[in-house]
1. Return the only residue of B:Ser468, B:Ser450, B:Ser502 being surrounded by fewer than 23 Cβ atoms within 10 Å (Cβ to Cβ), without any contact (Cβ under 8 Å) to a residue 40 or more places away in the chain and hydroxyl-bearing (Ser, Thr, Tyr).
2. For the range B:64-94, which residues satisfy the criterion of being more than 17 Å from B:Gly227 (Cα to Cα) and polar (S, T, N, Q)?
3. So A:Val22 ticks every box in (1) within 23 Å of B:Ala259 (Cβ to Cβ); (2) facing another protein chain (nearest Cβ under 7 Å); (3) in contact with a Phe, Trp or Tyr (Cβ under 9 Å, 6 or more places away or on another chain) but one. Which box is left unticked?
4. Check the range B:250-261 and report whether any residue there is modelled with pLDDT under 95 and either over 30 Å from B:Tyr429 (Cα atoms) or touching a strand residue (DSSP E or B) at 6+ places or on another chain (Cβ under 8 Å) (or both).
5. Kindly check whether there is at least one residue in the range B:468-476 that is within 23 Å of the chain's Cα centre (by Cα), over 30 Å from B:Ala35 (Cα atoms) and in a helix (DSSP H, G or I).
6. Could you check the range A:26-38 and list, in sequence order, the residues that are more than 8 Å from chain B (Cβ to nearest Cβ) and closer than 17 Å to A:Gly114 by Cα?
7. Among the residues of the range B:204-226, is there at least one that is more than 10 Å from chain A (Cβ to nearest Cβ), buried (at least 19 other Cβ atoms within 10 Å of the Cβ), at pLDDT 90 or above and under 30 Å from the mean Cα position of the chain (by Cα)?
8. Taking the options A:Tyr59, A:Tyr93, name whichever one is at pLDDT below 95, surrounded by 13 or more Cβ atoms within 10 Å (Cβ to Cβ), closer than 30 Å to B:Tyr80 by Cβ and within 8 Å of chain B (Cβ to nearest Cβ).
Amino acid sequence: MSTAEHPPAETNPVDEHNWVEVQNSPEFVELRRRLRSFVFPMAGLFLVWYLLYVLLADYAHGFMSTKVLGNINVGLIFGLLQFVSTFAITTLYVRHANKNLDPAAEQIRTKLEGGHA
Amino acid sequence: MNNNNAVLNISIFAVFVAITLVVVIRASRNQKTAADYLAAGRAFTGPQNGIAIAGDYLSAASFLGIAGAIAVNGYDGFLYSIGFLVAWLVALLLVAELLRNTGKYTMGDVLAFRMRQRPVRAAAATSTMAVSFFYLLAQMAGAGGLVALLLGITGKGGQALVIAVVGGLMIAYVLIGGMKGTTWVQIIKAVLLIIGAGVMTLWVLGKYGFNLSALLGAAVDNAPKAGEKILGPGLQYGATGTSKLDFLSLGLALVLGTAGLPHILMRFYTVPTAKEARRSVVWAIWLIGIFYLFTLVLGYGAGALVGPDKINAAPGKVNSAAPLLAEALGGPVLLGLIAAVAFATILAVVAGLTITASASFAHDIYANIIKKGKLEDKNAEVRVARITAVVIGVVAIGGGIAANGQNIAFLVALAFAVAASANLPTILYSLFWKRFNTAGALWSIYGGLSLTILLIVLSPAVSGKATSMFPTADFDVFPLSNPGIVSIPVSFLLGYLGTVLSKEKDPGKYAEMEVRALTGVGAEKATVH
């Protein structure tokens, strides 16, 4: 790649790092593992749950219209559960990020930026 | 709704405009650099930005449209709001923070990070402007219908005037206030909208002893045609196999489109850090979720207290459900307040879209493609963004007047479908797939964009049915009005094929991008004044 094709990075200059070396460092590999092992399964989970809900609403009208409590039916409960699961996953992710991602990311960042301050 | 109401509605709206203009003018102080103008100096807090995101996202379509759809079609209206909400998890888990850490002003920053700059930026800008413009046109044309409903202006000339006023105000907000002013308009509007909807929700529930089941029962009693069917799914989409497939396709575009909407992505650059970007999304999710719960009550409340027949007979049809409910509950004053909030909603959303499209032109096309990233004059980028905003505003006014009264509801579906097909696959590949390269990015953006538009043009939304844009023409060879179910997987596939068929790879640049994305090293900082 010529430099004309990749002009100097748009963001603040913290160049001169060996990025590949940082990327392969045990600290960074661990940070990536912590991020991906949470967000990928969670994304899969909520997408499957959402898709299941859409398919039920689309093709199982009878089941979704079954009344449970007064006029409140299965469809409404499942719909409200989508809200509950969205709020719950949001809260879980924030807790995970605050506890397991932020400190690890900060450590690597401080190390990289500190060396050139 | 009589003329006295119209005067009251206009007065309340004028107060909103006056207050927001003062705020916007105050916000315009200290705007020197492109980061000030295009990213509000990155100085908003997470909660502020979260409220602004809610203001940007909850368009008139989602307030008036969803409440009305629930009032008339029952449960099927509720399905929209769930797709719109769950979609935010994609933004939270996969996009927001990584994007904040690797970009500066636009989606193009992230997509072009490790690619050949000029072709990828051109593609990202094309897609950004296409999505923003479809969305903008839908909002502007919708303003015409809303005017008929809220102000009693039924003549085309009068409606055109109001569309021009809305467009003029939007240009003023964006020119004077930049991203900072626009953000404050969105914050004010979101607070008004959520409080307004919340008060009405409590009011409706209070009428039924805070018993949701009793409210649903009253809605059933007041729906002589549909009856019990409004409580279950299928009234709107359950008719045929094709309509069911169409709904599935819409559901996919909704859940995958949000995290690819450029005007939403751009909001993540207005906060100082990735952590604040995360807090923004969390605030947005709670506010948007609570708002959609309100619309559920408002929709069935409008069904129960106004009735589907009266709603369908009113000017603006389903869109009139929430205003009519406000009138039934609180008389002309509450109607005026809700009408003003609906206008504020359109204004805030169109301002957000305009600044996004102009930022993409100024930053991606002017600064990085035409000037190749070497700007001698530091103010040039802001100047180009301002000029672009005026051009976009004028075109949107013209387009909105021309499209007024046309059935262009499909434009919002189109915007989401393009965002889900062209933008999201490219964003995800860029952030997570090491091998991804320039060819892959170009294939998924241009392929997704052109396939989505082609399928819409060939769909019943454009021709072949009485409800089509061109009802007399007949070239609807693709049966679905929502192309997502085809265009999204095809775009992912194109991105993959384009990548593996090209030899280009740059593992060093990916290493830099990934380290920056995950740690925030070298991320753009807030400007200090």
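1. The conditions single out B:Ser450.
2. Selection gives B:Ser81 alone.
3. Of (1) within 23 Å of B:Ala259 (Cβ to Cβ); (2) facing another protein chain (nearest Cβ under 7 Å); (3) in contact with a Phe, Trp or Tyr (Cβ under 9 Å, 6 or more places away or on another chain), only one is false for A:Val22: (1).
4. No, the conditions are met nowhere in the range B:250-261.
5. no
6. A:Glu27
7. Yes, there is a match, as at least one residue in the range B:204-226 is more than 10 Å from chain A (Cβ to nearest Cβ), buried (at least 19 other Cβ atoms within 10 Å of the Cβ), at pLDDT 90 or above and under 30 Å from the mean Cα position of the chain (by Cα).
8. Of the residues listed, the single one that is at pLDDT below 95, surrounded by 13 or more Cβ atoms within 10 Å (Cβ to Cβ), closer than 30 Å to B:Tyr80 by Cβ and within 8 Å of chain B (Cβ to nearest Cβ) is A:Tyr59.
The values are calculated or read from the model by the stated rules, or taken from the named source; none is laboratory data. Since the model is a prediction, treat every value here as computed from it, not as a measurement. FYI the Cβ positions are ideal-geometry reconstructions off the backbone, even for glycines, and counts take in every protein chain you see.
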